[in-house]
1. Quick check: Cα centre of region 110-145 to Cα centre of region 61-84, how many Å?
2. Relative contact order for the chain using alpha-carbon pairs under 8 Å, separation at least 6, rounded to a whole percent?
3. With a ≥ b ≥ c taken as the square roots of the eigenvalues of the C-alpha gyration tensor of the chain, please select rounded if a/c is under 1.5 and otherwise prolate if a/b is larger than b/c or oblate if it is not?
4. Where is the GNM fluctuation largest for the chain (alpha-carbon springs, 10 angstrom cutoff): GLU100, GLU31, GLU40?
5. Between ALA72, ALA93, ALA140, where does the largest GNM mean-square fluctuation fall for the chain, given springs only between Cα atoms within less than 10 Å?
6. In region 6-128, if the dipole is taken from +1 on Lys/Arg beta carbons and -1 on Asp/Glu beta carbons about the Cα centre, which of LEU14, ALA66, VAL24 is farthest to the positive end?
7. Size of the dipole of the chain about the Cα centre, Lys and Arg at +1 and Asp and Glu at -1 on the beta carbon, nothing else charged, in debye to 20?
8. Provide HIS50, HIS114, HIS102 ordered by accessible surface of protein heavy atoms (probe 1.4 Å), highest first.
Amino acid sequence: MTRPLVLLLSGPNLNLLGEREPDVYGTATLEDHVATARAEADRHGLDVEHLQTNHEGELVEAIHAARGRCAAIVINPGAFTHYAWSIHDALAAFAGPIVELHLSNPHAREPWRHTSVVAPVASGTIAGFGADGYRLALDATAKLLGADGA
Ligand code: DQA
């Protein structure tokens with residue numbers, strides 16, 4: 001039997017994790033975070049497909065392609081969080097649970113990071129827990145899906 005698929009999306013500049021502002025984002029690489037997400041998903045009988053892109057349109061297309069194919073979406077939209085209404089609209093057309101994820105706590109940072117255009121269409125947000133956020137996000141997704149062991 002095929003296992004439910006969770007689409008994990010990583011927005012701009014997250015490819016630089018590990019090198020980029022380690023005091024804010026930690027020293028783990030995106031590859032490390034994806035491995036954490038996959039391990040947690042596996043524990044719940046879920047599979048993870050991951051895409052990182054620096055392009056807004058690619059995220060929109062990936063969200064469209066998830067319709068009817070993926071059970072849930074976990075998304076760290078990077079700076080797109082704060083202004084990319086096209087991502088808001090694409091997510092609004094996705095039927096399953098959506099978890100917004102951030103390594104840092106944007107609300108404790110510059111005022112322009114306090115707005116999320118993704119939050120209104122997300123089931124919930126996990127922010128400020130650093131690398132542990134990937135495990136928490138997949139655990140929350142499993143619970144929303146009523147997956148095994150959740
Ligand atoms: C981020 C927070 C955003 O404000 C920022 O632009 C990022 C990363 C986070 O994971 O903490 O690129 O989404």
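The values are calculated or read from the model by the stated rules, or taken from the named source; none is laboratory data. Computed from a prediction, not measured in an experiment: that's the story for all the values here. With ideal geometry, Cβ positions are generated from the backbone for all residues, glycine too; neighbour counts draw on all protein chains shown. With ligands, DNA and RNA removed, areas are computed over all heavy atoms of the protein, side chains included. Shrake-Rupley method; radii C 1.70, N 1.55, O 1.52, S 1.80 Å.
1. Distance between centres, Cα-based: 12 Å.
2. Numbers: 283 pairs, mean separation 42.0, N = 150.
Value for the chain: 28 percent.
3. Working: a/c = 1.60, a/b = 1.21, b/c = 1.32.
In terms of gyration-tensor shape, oblate.
4. Fluctuation is largest for GLU31.
5. ALA93
6. The listed residue farthest towards the positive side: ALA66.
7. Numbers: 10 positive and 18 negative charges, 74 e Å.
Using Cβ point charges on Lys, Arg, Asp and Glu, the chain gives about 360 debye.
8. Values: HIS50 55, HIS114 75, HIS102 15 Å².
From most accessible down to least: HIS114, HIS50, HIS102.
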